[in-house]
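Written out below as structure tokens is the structure these notes cover.
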Amino acid sequence: MKIIVCMKQVPDTNEVKIDPVKGTLIRDGVPSIINPDDKNAIEEAVRIKESREDAHVTVISMGPPQAGTALREALAMGADEAILLSDREFAGSDTWATSAILASAINRIGDYDIIFCGRQAIDGDTAQVGPEIAEHLKLPQITYVSNLEIHEDEVITHRTVEDGYYVIKSQMPVLLTAIKDLNTPRYPSIKGIYQAYREKEIKIWSINDIIVDRENIGLKGSPTNVKSSFTPSVKFNGEILSGTTKEVINELIVKLREKQVI
Ligand SMILES: Cc1cc2nc3c(=O)[nH]c(=O)nc-3n(C[C@H](O)[C@H](O)[C@H](O)COP(=O)(O)OP(=O)(O)OC[C@H]3O[C@@H](n4cnc5c(N)ncnc54)[C@H](O)[C@@H]3O)c2cc1C
């Protein structure tokens, strides 16, 4: 069984600040992490590998050379192989172009059973890339996966919705997007870290290693453009209530009723 996990390196949003003038993220000096949902995807892939002798896990990421650090962490968690898609021509890709590049790389890897993505990246935040990869590859997709079982050539999943979950079954190959309820990602072991840095390689693929239409990638080939971004200004001052817990709750309820919030 071949599993491919698409993972993105993102700034740790707990540390990110917004430039008050430009309205853009201040990334300088901000530590990067594996996108949280992608960690759940990696964890699930590694658990499948541990339960089946024939399983092989490949992690792929499109990004600048420093995304290699995130791929090393995935190798340390137990992935077998890592591929970094890095090329100046990929820069500025929107979600459609990003998914086209990732789909081309997946086509080159070939012979896959499960493609895992995270549900959503905490920086771009669109939740579009996973479903778009499935569209490029003409694969069935199940998003918001919170439970996974594999039976012969089928997956049976729980797809979480607001007030419960659907049970959805699909033939493999299939694309799944993981949410945090799927599992608790492990910390890499010392042995895992040693192997990731000493025994495992990260392959670097450029545009010449995949078959992709140059017209459809990068800033030029992206059908969407960000016109502007801004931080909403704070219109009202907050009010601090004082008193005992009971008094504060009662006062809060009165105020919310006055404003017809409840
Ligand atoms: C309109 C628009 C314009 C943009 N313009 C630029 C730009 O000019 N320059 C720029 O650098 N960025 C740009 N971006 C951001 C960039 O396109 C996105 O970060 C990228 O396409 C992924 O989208 P996302 O972060 O919303 O991921 P989501 O769709 O939220 O991610 C879902 C999942 O897809 C997978 N995934 C997403 N991205 C990657 C990746 N790179 N490698 C591997 N797996 C991945 C992960 O599993 C992730 O959990 C733009 C985004 C938009 C919406």
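Only the coordinates and a few stated rules stand behind these numbers; no lab work does. Computed from a prediction, not measured in an experiment: that's the story for all the values here. Glycine also receives a Cβ, built like all others from the backbone with ideal geometry; neighbour counts cover every protein chain displayed.
Remarks
- Two-site label geometry, Lys203 and Gln260: point separation in nm, points 7 Å out along Cα→Cβ: 6.2 nm
- Highest-fluctuation residue, Gln120, Gln66, Gln141 considered, GNM on the chain with Cα pairs under 10 Å: Gln66
- Diffusion constant of region 187-262 at 20 °C, which comes from Stokes-Einstein with the Kirkwood Cα-pair radius and 1.002 mPa s, µm²/s: 106 µm²/s
- Stokes-Einstein diffusion of region 99-158 at 37 °C, 0.692 mPa s viscosity, Kirkwood radius from Cα pairs, rounded to a whole number: 261 µm²/s.
- Residue-wise HN-Hα coupling along region 90-103, computed from phi with Karplus coefficients 6.51, -1.76, 1.60 (Hz; x: Gly, Pro): 7, 4, x, 5, 7, 5, 5, 5, 4, 5, 5, 5, 5, 5
- Whole-Hz couplings from phi, Karplus 6.51/-1.76/1.60, listed for region 206-216; x for Gly and Pro: 9, 4, 6, 9, 10, 9, 9, 6, 4, 5, 9
- For region 1-95, the equivalent ellipsoid derived from the Cα gyration tensor has semi-axes of 29, 15, 10 Å, listed largest first.
- Charge tally around Leu252: other residues with Cβ under 15 Å, Lys/Arg +1 each, Asp/Glu -1 each, net 0.
- Rg/Rh ratio calculated on Cα atoms of region 64-125 (Kirkwood radius): 0.94
- Debye equation applied to the C-alpha atoms of the chain, log10 I(q)/I(0) at 0.09, 0.10, 0.12 Å⁻¹: -0.49, -0.58, -0.78
- Neighbour-limited loop hits for trypsin sites (Lys or Arg not before Pro), region 27-83 (at most 13 other Cβ within 10 Å; DSSP other than H, G, I, E, B): Arg27, Arg52
- Calculated SAXS-style log₁₀ I(q)/I(0) at q = 0.14, 0.21, 0.23 Å⁻¹ - region 37-141, Debye, Cα scatterers: -0.54, -1.29, -1.54
- Taken over region 109-262, the ratio of Cα radius of gyration to 2.2 N^0.38 Å equals 1.58.
- Placing dummy labels 7 Å off each Cα toward the beta-carbon, the span from His151 to Val234 is 5.4 nm.
- Nearest-0.05 FRET efficiency for Asn107 and Asp163, computed from C-beta distance (R0 41 Å): 0.60
- Charge dipole (debye, nearest 20) of the chain; +1 at Cβ of Lys and Arg, -1 at Cβ of Asp and Glu: 640 debye
- Solution diffusion estimate, µm²/s, Stokes-Einstein, region 163-212, Kirkwood Rh from C-alpha pairs, 10 °C, viscosity 1.306 mPa s: 100 µm²/s
- Label sites at Gln66 and Lys138, each approximated as a point 7 angstrom past Cα along Cα to Cβ, lie 4.0 nm apart.
- Derived scalar couplings between HN and Hα for region 42-58 equal 5, 4, 5, 4, 5, 4, 4, 4, 6, 9, 9, 5, 8, 7, 9, 10, 10 Hz in order, rounded to whole Hz, by the Karplus curve 6.51 cos²θ - 1.76 cosθ + 1.60 (θ = phi - 60°), x for Gly and Pro.
- Long-range amide H partners of Leu219 with built H, under 5 Å: Ser93
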